[in-house]
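Asker: The following block contains the structure, expressed as structure tokens.
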Amino acid sequence: MPDIMGKMDIAFPHLGLYLKDVPKSFSVFGFSIAMYGVIIGLGFLVALLIISRVAKWSDQNPDDYWDLAIYIIIFSIVGARLYYVIFAWDYYKDDLLSIFNTRNGGLAIYGGVIAGFTTLFIYSRIKKKNFFLLGDTIMFGLVFGQTMGRWGNFTNREAFGEYTDNLFAMRLPVEMVRSGEITELMKAHMSDATNYIQVSPTFLYESLWNLCLFILMLLYFKHRKFVGENILLYLGGYGLGRAWIEALRTDQLKIPVVGLPVSQVLAICLVIFAIVTDIIVRIRLKKKA
């Protein structure tokens with residue numbers, strides 16, 4: 001493994017992978033298109049196809065979800081951006097126009113989830129649909145979309161963790177990452193002969209976690225005890241993974257004053273909410289039975 005990496009290279013030294021010229025964007029007729037946006041867009045498309053398939057599988061009308069999709073996509077992106085900007089305000093306050101530039105990332109999953117749930121609730125009330133049934137179905141697309149979307153962080157060289165030398169350690173050229181995400185521990189393991197940092201690929205950990213959660217949700221769907229339990233499985237399952245993965249990241253969004261990672265706190269709260277709610281509903285169902 002060379003000590004000097006090319007500007008666009010990414011390496012996983014202990015896996016023997018050396019990826020040369022991994023693009024952040026490509027050009028079509030002179031117009032630059034960010035890989036981040038392409039991957040996010042593909043994630044939305046695949047998510048919709050999965051949701052449509054699950055709707056058919058569970059004897060629902062897929063057209064309901066295609067009608068809903070446009071609203072959820074728009075408001076989820078807005079919510080994801082607002083969440084990120086709010087908790088990274090110091091970065092944007094002196095250049096407000098940069099708020100509208102998402103080409104370099106800056107979409108927070110939980111912001112999109114909150115906005116998506118809000119949109120879903122309003123839609124279900126207007127259309128007189130069962131919110132919990134819609135949510136149970138949409139969770140499949142959401143978690144798989146997140147599985148794909150994390151690879152946008154890979155091409156953007158972001159959402160990584162602290163220095164590590166484990167099997168999945170990833171090397172990124174220093175000039176391709178934001179300086180504020182390079183920690184003292186990373187610098188301590190650099191030398192004058194190297195131009196890269198070695199980090200934990202937390203985007204990969206979360207992508208694999210989400211894929212496992214997606215499979216679990218598929219296996220459990222027909223066995224759920226009540227409508228809405230798949231929502232709780234997602235909230236608890238994703239929150240459990242996000243809570244420990246967030247602790248590894250160097251780009252945490254912090255709660256003002258207290259300084260705690262906002263996504264980690266929210267993830268833990270959602271895990272507790274999902275577990276308690278599931279237990280309460282099961283107890284009530286047993287009493288009725």
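Bear in mind these aren't lab numbers, they're just calculated from the coordinates by the rules spelled out. Here the structure is a predicted model, which means the values were calculated and not measured. All Cβ positions, even for glycine, are placed from backbone atoms using ideal geometry, and neighbour counts span all protein chains on display.
Asker: For region 163-169, in order, what is each residue's ³J(HN,Hα) by Karplus, 6.51 cos²θ - 1.76 cosθ + 1.60 with θ = phi - 60°, in whole Hz (x at glycine and Pro)?
Answerer: Once θ is set to phi - 60°, the couplings for region 163-169 become 3, 8, 10, 7, 4, 9, 3 Hz.
Asker: May I pose another question? Which peptide among 24-31, 261-268 comes first, and what is the full order, when sorted by highest mean count of other Cβ atoms within 10 Å?
Answerer: 261-268, 24-31
Asker: To check my understanding: the extent here is largest minus smallest coordinate of the Cα atoms along each principal axis. What are those three numbers for region 85-211, in Å, largest first?
Answerer: For region 85-211, the Cα spread along each principal axis is 64, 39, 19 Å.
Asker: If you don't mind, there's one more thing I want to ask. For residue 286 and residue 38, FRET efficiency with R0 = 45 Å and r from the beta-carbon atoms, rounded to 0.05?
Answerer: 0.40
Asker: Given q = 0.12, 0.20, 0.23 Å⁻¹, what are the Debye log10 I(q)/I(0) values for region 188-289, with equal point scatterers placed on the Cα positions and solvent ignored?
Answerer: Cα-only, vacuum Debye calculation for region 188-289: -0.55, -1.04, -1.18.
Asker: Okay, next question. State, to one decimal in nm², a quarter of the convex hull surface area for the C-alpha atoms of region 1-117, i.e. the direction-averaged projected area. Please list the in-between numbers first.
Answerer: Numbers: hull surface 46.5 nm².
The Cα convex hull of region 1-117, projected and averaged over all directions, gives 11.6 nm².
Asker: Follow-up. Whole-Hz Karplus ³J(HN,Hα) for region 22-36, in order, using 6.51 cos²θ - 1.76 cosθ + 1.60 and θ = phi - 60°, x for Gly and Pro?
Answerer: So the J values, rounded to whole Hz, are 6, x, 8, 7, 9, 10, 10, 6, x, 9, 7, 10, 6, 4, 3.
Asker: Can you flag which of 127/222; 129/225; 128/287; 128/254; 222/254; 24/129 are past 31 Å Cα-Cα?
Answerer: 128/254; 222/254; 24/129
Asker: Take peptides 35-41, 143-149 and line them up by average Cβ neighbours within 10 Å, highest first, as a rough protection proxy. Spell out each step's value before the answer.
Answerer: Numbers: 35-41: 18.0, 143-149: 23.4.
Per-residue Cβ counts within 10 Å, averaged per peptide and sorted highest first, yield 143-149, 35-41.
Asker: Can I ask one more? Got the relative contact order for the chain handy, in percent, Cα pairs under 8 Å and 6 or more residues apart?
Answerer: 20 percent
Asker: Using only the alpha carbons, work out the radius of gyration and Dmax of the chain in angstrom.
Answerer: 20.4, 70
Asker: I've got another one for you. When ranked by the protection proxy of mean other Cβ atoms within 10 Å per residue, highest first, what sequence do the peptides 214-223, 81-90 form?
Answerer: Ranked from most to least packed, the peptides come out as 81-90, 214-223.
Asker: Under 5 Å between amide H atoms, partner at least 5 residues away or on a different chain: which partners does residue 196 have, H built in plane at 1.01 Å?
Answerer: Sorted by chain and number, the residues that satisfy this are 174.
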